[in-house]
Amino acid sequence: MSHNTEEANSTPRENKPKKKFKMPNTYVILFAIIGIIAVLTWIVPGGAYELNDSGNAISGTYHTVDSNPQGIWDVLMAPITGMLGSGAISGAISISLTILLFGSFLEMMDRTGALRTAIKRITMKNQNNMHLLIALLTIIMAFFGTLEGAYEEGIVYFLMFVPVILALGLDTVTAIMIVVLGTQIGCLSSVVNPFSTGIASGIAGISAGEGMIVRLVMFVLFTGIVIFIICRYADKVKAHPEKSVQFFRRHLDVEEFPAADDEDLTLSKPQKNALIVFCLTWVIMIIGLIPWTSLNPDWTFFEDFVAFIGATPVLMQVFGVDITPFGSWYFPEIAMLVMAATILIGLVMHYDADTIIDTLLKGAAGLVSTAFVVPLARGIQVVMDNGQITPSILHACEGALASLPPIAFVIVALVCYFAIACLIPSSTGLAAATMGIMASLSQFAGIEVYIMVIIYLMALGLAKMITPCSIVVMTCTAAAHMSYADWVKKIAPIVAALFVICCIFLCVLVVL
């Protein structure tokens with residue numbers, strides 16, 4: 001009887017489906033890190049470095065000091081202090097506000113429909129030239145990636161492109177590659193992306209304009225490589241459709257994503273004006289972030305112009321006397337620019353005041369989750385600094401990494417960052433959680449801080465092409481009915497090749 005009872009009791013347990021492991025979200029990971037760091041403050045001895053005139057730690061000057069163990073109160077206060085700042089730590093509120101206003105800016109452009117219509121017009125106009133169309137769409141995706149970190153919205157572009165791609169005799173994989181590789185190769189270079197370059201540079205204590213020329217070269221180089229890769233794949237599928245991993249369902253894809261020939265793609269005059277404002281906003285931002293006097297001490301034209309306004313009676317009353325000249329812009333100026341651009345786009349679209357404000361609030365609400373990542377991640381730095389263990393951790397890493405030759409250092413740093421980015425593919429979360437320490441390590445190794453920002457960008461862009469935590473990968477493959485395993489088989493060699501090219505680029509950068 002007992003044997004039968006055991007059998008009866010074991011059956012439900014055997015048939016019960018096993019729970020699949022689910023990766024915790026960014027907030028859980030970051031708060032867990034804060035807790036772990038707080039525990040470490042009870043174990044790791046306190047330490048300090050002597051600082052130079054710029055406030056940076058001087059290698060070889062580490063010495064122990066009394067530790068300051070952090071408790072539950074300190075853990076709970078860490079994100080609050082991370083947002084508001086303290087005497088030693090700058091607050092993340094300007095970064096979070098900029099993120100919210102970017103949400104408003106992008107929401108306003110989405111409401112106009114001008115950007116979607118313009119992309120569709122380009123797609124339909126060049127549908128008879130396969131290589132040119134692939135190049136144009138990839139460049140557009142790369143621009144969105146390098147300007148504003150296009151990521152979650154990738155599925156929208158996929159659904160927009162796939163009917164035309166299928167009509168050309170290609171497959172859904174080609175459309176996925178255009179969106180995923182295009183946007184993420186743009187993120188990999190992130191010439192002015194405020195969500196990655198801006199935040200990482202701010203945490204590292206440098207201007208987002210530092211290294212901009214290098215990132216621009218990266219953008220051109222890597223975008224060209226990705227276009228070549230996609231075109232080669234498209235040629236193979238065009239010549240031998242059966243070689244496509246999705247060939248078995250091509251007839252279903254054509255039925256699911258039919259090409260619409262009668263769609264009205266006319267841009268109204270207000271929509272054209274909105275596009276002009278959109279483009280000018282990015283141009284002004286780029287000009288404002290470039291450190292002109294750092295590139296050439298004689299390039300003081302913007303500072304001279306601001307001084308002229310401040311000294312001219314009428315102009316100083318109209319424009320003000322506290323204008324920040326181009327080349328010295330940071331998050332407050334960027335926030336002001338995108339807020340003004342959002343309102344201006346609403347005005348040129350002839351929206352009433354209520355619609356403009358509602359759109360502004362809706363867009364900001366959509367990025368509240370992203371904005372909250374920054375102070376939460378900054379809380380890690382708060383606990384480490386208050387616990388006096390940041391110098392001790394740097395000292396330990398200094399011996400392990402900073403002793404490496406510069407070339408070996410950048411390659412090891414890229415490998416480490418790639419591994420972390422596969423688990424935390426959040427530009428804000430990854431930068432805030434790691435850049436404070438990695439920037440200091442790069443200084444110990446004799447590497448320019450902007451190069452460490454580039455390493456972070458490279459790792460993040462590569463990781464979001466392949467990791468299952470990548471939203472753009474999972475949404476696009478799901479929409480195309482492509483298994484994640486098939487995507488990995490296709491993309492892994494490409495990511496590996498791009499990784500090698502990144503290593504070569506970094507080595508050249510260090511040597512030069």
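The values are calculated or read from the model by the stated rules, or taken from the named source; none is laboratory data. Only a predicted model underlies this, so the values are computations on that prediction, with no experimental measurement involved. Neighbour counts are summed over all protein chains in view; Cβ atoms, including those assigned to glycine, are modelled from backbone coordinates with ideal geometry.
Residue by residue through segment 397-424, note down the ones that are over 18 Å from the mean Cα position of the chain (by Cα), surrounded by 15 or more Cβ atoms within 10 Å (Cβ to Cβ) and at pLDDT below 85.
Correct list: CYS397, GLU398, LEU401, ALA402.
On the given criteria, is GLY198 assigned to a helix (DSSP H, G or I) and more than 20 Å from ILE501 (Cβ to Cβ)?
yes
Those residues that are assigned to a helix (DSSP H, G or I) and of a type outside the set (A, V, I, L, M, F, W, C), I need them from segment 325-343; list them, please. Before the answer, list the steps.
Filtering segment 325-343 down to residues assigned to a helix (DSSP H, G or I) leaves 331-343.
Within segment 325-343, PRO332, GLU333, THR342 meet the criteria.
Condition test on THR64, is it within 25 Å of ALA396 (Cβ to Cβ), modelled with pLDDT of 75 or more, touching a Pro at 6+ places or on another chain (Cβ under 8 Å) and among the hydroxyl-bearing types (Ser, Thr, Tyr)?
yes
Every residue in segment 173-192 that is assigned to a loop (DSSP other than H, G, I, E, B) and modelled with pLDDT of 80 or more, please.
Scanning segment 173-192 gives SER190, VAL191.
Taking ARG121, is it within 21 Å of GLY103 (Cβ to Cβ), in a helix (DSSP H, G or I) and more than 18 Å from the chain's Cα centre (by Cα)? Let's see the steps before the verdict.
Details: within 21 Å of GLY103 (Cβ to Cβ): no; in a helix (DSSP H, G or I): yes; more than 18 Å from the chain's Cα centre (by Cα): yes.
For ARG121, the condition - within 21 Å of GLY103 (Cβ to Cβ), in a helix (DSSP H, G or I) and more than 18 Å from the chain's Cα centre (by Cα) - is not met.
Under the condition of being among the polar types (S, T, N, Q) and modelled with pLDDT under 75, which residue from segment 428-445 is nearest to the chain's Cα centre (by Cα)?
The residue in question is THR428.
If I go through segment 229-282 residue by residue, how many of them are under 27 Å from the mean Cα position of the chain (by Cα), at pLDDT below 90 and surrounded by fewer than 16 Cβ atoms within 10 Å (Cβ to Cβ)?
Here the count works out to 1.
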